[in-house]
Amino acid sequence: MQQKKPGDLLVPPSGGFLHDFAVRLKLIARLMGDRRVNILLKLLPVATLAYLIWPIDAIAAIPGLSALDDIAIISLGNYLFVELCPPEVVQEHMKSLSSLDSSAADEVVDAETTDVSDKQ
């Protein structure tokens, strides 16, 4: 197994923003259900969601910035959760998620066409 070097991401970006976001959410859901991930580590995504629901913001004085701190806290919490999970478990789930993605993208439909006239 390869050792993780500092600066290496366990889940490198592979597509557009929405695609990467959807894959990240699926990965977090799978890791939350995996028994090999420490139960205390699973509290991190739960705590970030609790912060989103919590009525007190870290930066409440500036109206536009209060949404940005929510986004920053949630992003940081989810990033740390994935990075602190055992790397072999994350890679296993990423492999299965990428195989699901590639099997849907490589699907080819073989068909024949027929022209239909409107003069019948």
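What to note about this one:
- Hz values of 3J(HN,Hα) by residue in the stretch 76-81 - Karplus curve (6.51, -1.76, 1.60), Gly and Pro given as x: 5, x, 5, 4, 5, 4
- Projecting label points 7 angstrom from Cα along Cα→Cβ for ILE53 and LYS26 puts them 2.7 nm apart.
- Ascending count of other beta-carbon atoms within 10 Å, so fewest first, for HIS93, HIS19: HIS19, HIS93
Bear in mind these aren't lab numbers, they're just calculated from the coordinates by the rules spelled out. In this text, all values refer to a predicted model and were calculated from it rather than measured experimentally. For neighbour counting, all protein chains shown are included, and Cβ atoms are generated from backbone atoms with ideal geometry for every residue, glycine included.
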